[in-house]
Amino acid sequence: MKKKMNIVIVGLGNIGSYFYNYLKKNKNTLFNKTNIVPNILYVSARSMAKKRNIKIPKRLWLKNCISATKIKDVDIIVELIGGAEGIAKKLVFEALKNKKHVITANKALIAKYGDQLAKIAEKNKVNFEFEAAVCGGIPIIRSIKEGLIANNITKIYGILNGTSNYILSSMDQDKLEYKDSLLRAQKLGYAETNSTSDINGEDVASKLKILTALSFNSFINNKSILVEGIKGIDQTDINNANQLGYKIKLVGVAELLNNKIIQRVHPALIKKNSYIAKINGVLNAVIAESKPVGQSVLQGEGAGPGPTTSSLVSDLCSVMRGNIKFPFVISDKKRKLALFESINNKKFTVYLRLDVNDKHGVLSDIAKVMAKNKVSIKRLIQNPTSNKKNASIIIITHDAKSSCLDRIKNILLKKKYTVSKPKLIRIENI
Ligand SMILES: NC(=O)c1ccc[n+]([C@@H]2O[C@H](COP(=O)([O-])OP(=O)(O)OC[C@H]3O[C@@H](n4cnc5c(N)ncnc54)[C@H](OP(=O)(O)O)[C@@H]3O)[C@@H](O)[C@H]2O)c1
C-alpha cells in the first residue's frame, strides 16, 4: 500500500485555495517525487458558508481549526491565515507542541515568534517550514539552508517587496505620482486595499529579519533595524535620480561589519546600470555574498498564489521526504546571541533635497551647517520650482556618518528658510 501523509490546510483565501487545487491536481506527480501520497484530510477557514472559487467536499471541513492539532491522524498542518497574533499564532504553537509538522507562509508570525517556534519544533523533532514567507516563489530559504550550506554569508540584500517595487517602477517608467501609482497597483491586484506594511517598509523588515537569522546563525533581532518606507518619494525625486544616473529602489540589507550585524530597510539611489536597478514591476531579487562561492543571485515573482504555492510545495516535499532539519539552519542551542548595531556609525553618501526660500545667504548657511557636522559636499544642484520664491537644492554628500547626516536633516528642518521637510535618500553601491 502507498504510504501517505495527512494534511490539514487552514486558510482558504488567495493562497490557501490555490494550494488546495494544486495538491488535488498534482497528487500523483508529488507521489512520484517523494514516494508519499499528500492526502488532504481536512480544510478549515473562518466561514464554511463563504462563496469560494474552489469546490470542497463537506466531509473535509473542520469547524474549529485548533482541533486539528489534537487529531492523531494529522501529520502536517499548513497555516495560511496570516498575522502575527490571534488564531494563526495559536494554531502554529499548538501544532508544534502536539508534534505536528507545520508549514506556513506567515512572515509576520515568524519575524515575531520564529525563535520560540523553532525551539519547540526542534525539541519535538518535527519540521517547521516557512519558505513561502520570504519572497513568494524565490527559494531563498532552502538555498541558504542547503545549496549554500558550505558558505559563510557576509551580506544579504535585495528587493524584497513586489508592491513597493511596482509603485516605484511605474512612477519612473510611466511618470505617475505616488498616489496614482498605488491606486493602479491596487486595481491590478498587486497591492492590497490596506497596503500599509508594503509601503512603510514593515513587510520588507519582517523578511529581512528572517533572512538575517538564517544567514548569520543568529536569533531574530527586532530591535536594531532601520525601517523607512517609500511614501515620501515623489516625481521630483524620481526625475532628480534619473538626471544623476540613478534609480530609486526600496532595499533591504543585512550585513556583517566588524563582527556586528546591521539590518536596514530604506529607499536608495542605485546606479542605473546595476543589476538591482533593473529589477522592475512586482519582481523580487535577493543577492547573497558569501565565501567561498562569491555572489549568488535569485530573482522571481515575490508574491501571488502561484509563486507562493511553489514554495509551499517545496516545504511539503521536504517534510514528506523526511528531511527534518533545524528550522534556522543550525540547532537552537548553537544559534548565536550575535551583536547587532544600529546604522548610526555606518557611513553613507546621500542625496539630500532641500526645498527653501530662494534668499541671499541660504546656500552659505546650509554649507555652514554641513561643515559644522562633518559632512562635505560632493555635488550641489539648484533647481527652480514652480513657485518662483523657492528653490530646490540637491546636495550629494561625500561619505559621512549616518548620525551626522540625520543631525543635519533635523537642523535644516527647523530653519526659517526651509519650506518642506528635507529629504535624505542613501546612495547604495550595489
Ligand atoms: N497573498 C500573497 O501574495 C502572499 C504571498 C506570500 C505569503 N502570503 C502569506 O500567506 C498567508 C495567507 O495570505 P492570503 O493572501 O491567502 O490571505 P487571505 O486571502 O486574506 O486569506 C486568509 C484566510 O484565513 C482564513 N481565516 C481568517 N481568520 C480565520 C480564523 N479565525 N479561523 C480560520 N481561518 C481564518 C480566512 O477565512 P475565510 O476565507 O473564511 O474568510 C481566509 O481563508 C498570509 O500569512 C500571507 O502573509 C501571502
* Residue among K209, K223, K231, K175 that is among the basic types (K, R), within 30 Å of K333 (Cα to Cα) and in a loop (DSSP other than H, G, I, E, B) -> K223
* Residue that is within 11 Å of the ligand (Cβ to nearest atom) and under 25 Å from T236 (Cβ atoms), where the choices are N106, N165, N161 -> N161
* Among the candidates L96, L91, single out the residue that is near the ligand (Cβ under 9 Å from one of its atoms), under 28 Å from D332 (Cα atoms) and open to solvent by less than 30 Å² (accessible area, probe 1.4 Å). => L91
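For (1) without any contact (Cβ under 8 Å) to a residue 40 or more places away in the chain; (2) on the phi < 0 side of the Ramachandran plot; (3) touching a Lys or Arg at 6+ places or on another chain (Cβ under 8 Å), each residue gets a yes or a no:
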position: R184; (1), (2), (3): yes, yes, no
position: L188; (1), (2), (3): yes, yes, no
position: I210; (1), (2), (3): no, yes, yes
position: Q235; (1), (2), (3): no, yes, yes
position: V282; (1), (2), (3): no, yes, no
* Some residue of the stretch 185-198 being at pLDDT 95 or above and not in a helix (DSSP H, G or I) -> no
* To do: Determine which single condition S386 fails, assuming it passes every other condition in (1) open to solvent by less than 70 Å² (accessible area, probe 1.4 Å); (2) hydroxyl-bearing (S, T, Y); (3) assigned to a loop (DSSP other than H, G, I, E, B).
  => (1)
* Do you know which residues across the stretch 1-26 are of a type in the set (S, T, Y) and either out of contact with any helix residue (DSSP H, G or I) (no Cβ under 7 Å at 6 or more places or on another chain) or near the ligand (Cβ under 10 Å from one of its atoms) (or both)? -> S17, Y18, Y20
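If you check L23, L91, L96, which single one turns out to be over 24 Å from L117 (Cα atoms), of a type in the set (A, V, I, L, M, F, W, C) and not in a loop (DSSP other than H, G, I, E, B)? Let's see the steps before the verdict.
Working: L91 fails: over 24 Å from L117 (Cα atoms); L96 fails: over 24 Å from L117 (Cα atoms).
None of the other options fit; the residue is L23.
So, of the residues in the stretch 68-81 that are touching a strand residue (DSSP E or B) at 6+ places or on another chain (Cβ under 9 Å) and either outside any strand (DSSP E or B) or more than 20 Å from A105 (Cβ to Cβ) (or both), which turns out to be most open to solvent (accessible area, probe 1.4 Å)? Please lay out each step first, then the result.
Filtering the stretch 68-81 down to residues touching a strand residue (DSSP E or B) at 6+ places or on another chain (Cβ under 9 Å) leaves 68-69, 71, 73-81.
Still in the list and also either outside any strand (DSSP E or B) or more than 20 Å from A105 (Cβ to Cβ) (or both): 68-69, 71, 73-75, 80-81.
Numbers: A68: 0, T69: 1, I71: 46, D73: 89, V74: 4, D75: 48, L80: 26, I81: 73 Å².
Of everything passing the filter in the stretch 68-81, D73 is most open to solvent (accessible area, probe 1.4 Å).
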* Any chance you could count how many residues in the stretch 27-45 are free of Cβ contacts under 8 Å to residues at least 24 places away in the same chain and either surrounded by 13 or more Cβ atoms within 10 Å (Cβ to Cβ) or within 16 Å of the ligand (Cβ to nearest atom) (or both)? => 1
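The values are calculated or read from the model by the stated rules, or taken from the named source; none is laboratory data. Since we're looking at a predicted model, the values are computed, not measured. Cβ sites come from the backbone with ideal geometry, for glycine too, and all protein chains shown count toward neighbours. Just so you know, the surface numbers come from the protein's heavy atoms only, side chains and all, with ligands and any DNA or RNA stripped out. Shrake-Rupley method; radii C 1.70, N 1.55, O 1.52, S 1.80 Å.
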